[in-house]
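These notes concern the structure reproduced below.
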Amino acid sequence: MASPQIDPGNVWVIGASSGIGRAFAEKIAGMAQNIAVSARSKDALLDMESQGRGITAFPLDITDANAVETAARDILGRFGAIDTAVLSAGAWRPLEPGDIDLESIRAGVEVNYMGAIHAISALVPIMKQQGKGHIVIVGSLSGYRGLPRTVNYGPTKAALINLAETLKLDLERFNIRITLVNPGFVDTPLTKKNDFKMPQLISADQAADYIISGMAKERFEIRFPQPFASVMGMLRNAPNALYFRMVGRMLKGRG
Ligand SMILES: NC(=O)c1ccc[n+]([C@@H]2O[C@H](COP(=O)([O-])OP(=O)(O)OC[C@H]3O[C@@H](n4cnc5c(N)ncnc54)[C@H](OP(=O)(O)O)[C@@H]3O)[C@@H](O)[C@H]2O)c1
């Protein structure tokens with residue numbers, strides 16, 4: 001699938017040092033005016049910057065609200081506007097069933113949920129002042145319903161889905177658009193840790209194509225890949241008894 005052209009203006013991608021964020025940032029170089037790329041891995045960001053193509057590195061830790069706010073101000077000073085922000089920073093590691101690992105759960109909340117909140121808190125005043133803006137929140141299909149071994153991840157993604165809906169309702173009046181991206185399984189450093197067979201695994205490049213294509217169609221929710229995303233959508237609305245029976249059967253099949 002080739003990406004359609006979009007006109008995202010000055011773009012800020014957080015979680016851009018690898019995986020989906022990096023593939024997206026590299027793919028929209030040439031469509032965007034400027035691209036600010038953020039994550040903790042400074043070297044990876046500088047490597048992207050060295051490609052030219054309008055990419056500039058702004059390293060940060062998204063769990064640090066002050067660092068995110070400072071980066072937002074620096075990017076605004078440098079480019080004059082932040083038109084589109086893509087929040088792709090994420091943390092996950094598989095846990096054993098019943099392992100309520102506080103450190104890992106806290107990391108999930110701090111990076112996946114509070115990280116997005118830090119970015120949104122820095123962006124909304126800027127976008128209100130601009131009279132426009134577009135915030136793209138990367139959630140996950142795993143946020144639709146409870147899944148095994150995801151106490152440190154799925155609930156944070158469920159929170160992001162709810163947050164995106166809330167923000168859409170609150171921010172439309174300020175001409176700030178919200179898009180929710182819900183990927184299935186994508187082959188990135190995040191999923192390399194998975195010790196199970198991932199159905200319909202796609203590449204980060206394909207994920208970036210899906211996102212760009214959904215942005216071009218101005219969708220609120222961009223979910224992929226099909227048909228996996230539609231099956232998850234159906235399970236989202238399935239009655240509890242049917243849902244738990246089906247997930248139980250899938251797990252048994254896995255042995
Ligand atoms: N891969 C999948 O199957 C899949 C499925 C559904 C949803 N998602 C979501 O897609 C998003 C991207 O994930 P990915 O699969 O592309 O994984 P990835 O390659 O591991 O990318 C995660 C990105 O988040 C950054 N990050 C992590 N902690 C951070 C922190 N404290 N501060 C700033 N940046 C931080 C990482 O950079 P540094 O380590 O350099 O900071 C990296 O750039 C995540 O939100 C993930 O939950 C992924």
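Side notes on the structure shown:
- Along region 14-28 the Karplus relation, 6.51 cos²θ - 1.76 cosθ + 1.60 evaluated at θ = phi - 60°, assigns HN-Hα couplings of 9, x, 9, 7, 7, x, 5, x, 5, 4, 5, 4, 6, 6, 8 Hz to successive residues, with x for each Gly and Pro.
- Percent antiparallel among DSSP beta bridges (both partners in the chain, rounded to 5): 0
- Charge tally for Gly9 (other residues, Cβ to Cβ under 13 Å; Lys, Arg +1; Asp, Glu -1): 0.
- Count Lys and Arg as plus one, Asp and Glu as minus one, and take only other residues whose Cβ is under 13 Å from that of Ile222; the net charge is then +1.
- Value of relative contact order over the chain, rounded to a whole percent, pairs C-alpha under 8 Å and six or more apart: 19
- Packing-based ranking, highest mean first, of 91-99, 174-182 given that Cβ atoms within 10 Å are counted: 174-182, 91-99
- C-alpha center-to-center spacing [region 193-255, region 123-191] in angstrom: 16
- Separation between Cα centres of region 40-95 and region 105-122, rounded to whole Å: 14
- Distance between modelled label sites at Asp195 and Tyr243, nm, 7 Å Cα→Cβ extension: 2.7
- Mean Cβ count within 10 Å, highest first, over the residues of peptides 64-71, 110-117: 110-117, 64-71
- Shown are Ser230, Ser88, whose ranking by accessible area with a 1.4 Å probe and every protein chain present, most to least, is Ser230, Ser88.
- Each Lys and Arg Cβ is given +1 and each Asp and Glu Cβ -1; about its Cα centre, region 67-182 then shows a dipole of about 380 debye.
- Choice from Leu169, Leu123, Leu45 with maximal GNM fluctuation in the chain (Cα, 10 Å cutoff): Leu169
- Highest GNM mean-square fluctuation among Lys128, Lys217, Lys197, for the chain modelled with Cα contacts below 10 Å: Lys197.
- Estimated purely from DSSP H runs of n ≥ 4, each contributing -39500 (n - 2.57), the mean residue ellipticity at 222 nm for the chain is -13500 deg cm²/dmol once divided by its residues.
- Counting lysine pairs in the chain whose alpha carbons fall under 20 angstrom apart, excluding pairs fewer than 8 residues apart on the same chain, gives 10.
- Heavy atoms of Arg219: accessible area, 1.4 Å probe, square angstrom to 10: 110
- Summed residue charge, Cβ within 13 Å of Met114's Cβ, Lys/Arg positive, Asp/Glu negative: -2
- Probe 1.4 Å, accessible area per residue of the chain, Å²: 48
The values are calculated or read from the model by the stated rules, or taken from the named source; none is laboratory data. Given the structure is predicted, the values throughout are model-derived calculations rather than measurements. Positions of Cβ are backbone-derived with ideal geometry, glycine not excepted, and every protein chain shown enters the neighbour counts. All accessible areas refer to the heavy atoms of the entire protein, side chains included, with ligands and DNA or RNA removed. Shrake-Rupley method; radii C 1.70, N 1.55, O 1.52, S 1.80 Å.
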